[in-house]
1. Can you name the residue in the range 51-71 that is free of Cβ contacts under 8 Å to residues at least 24 places away in the same chain and over 16 Å from residue 89 (Cβ atoms) and, of all such residues, is nearest to the chain's Cα centre (by Cα)?
2. Going by what's in this entry, would residue 23 be described as surrounded by 10 or more Cβ atoms within 10 Å (Cβ to Cβ), more than 15 Å from the ligand (Cβ to nearest atom) and at pLDDT below 90?
3. So which residues in the range 67-86 are within 21 Å of residue 14 (Cα to Cα), more than 9 Å from the ligand (Cβ to nearest atom), modelled with pLDDT of 95 or more and outside any loop (DSSP other than H, G, I, E, B)?
4. Consider only pairs whose beta carbons are under 9 Å apart and that are at least six residues apart or on different chains; among these, list those whose first residue lies in the range 85-102 and is on the phi < 0 side of the Ramachandran plot and surrounded by fewer than 10 Cβ atoms within 10 Å (Cβ to Cβ) and whose second residue is at pLDDT 85 or above and not in a loop (DSSP other than H, G, I, E, B).
Ligand SMILES: [Zn+2]
């Protein structure tokens, strides 16, 4: 598990992370989505109604969407889901303690 930060920087842009009820902010398939990336307002919205592990994977998922937008990768939903699963598993299986030093 890792702590969900208050914001993340993606391609030099700061995305604020906000929690809410999925039905309040999710436009598409609210029953199946746990988060949303609002590119226009640099905001990643996560459902407050899901477990910690799902919050973590959803943050990675939405961050990949933001990277796809910022870096013009044009990833589709299927590719984002594959990367989400792969990156999350890599971090969980291999990275134990991260302490970045400036
Ligand atoms: Zn998605």
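The values are calculated or read from the model by the stated rules, or taken from the named source; none is laboratory data. Treat the numbers as computed from the prediction; the structure is a model and nothing was measured. Positions of Cβ are generated from backbone atoms using ideal geometry, with glycine treated the same way; all protein chains shown enter the neighbour counts.
1. Looking at residues that are free of Cβ contacts under 8 Å to residues at least 24 places away in the same chain and over 16 Å from residue 89 (Cβ atoms), I get 68.
2. Yes; evaluated as a whole, the condition is true for this residue.
3. 67, 68
4. 98/91
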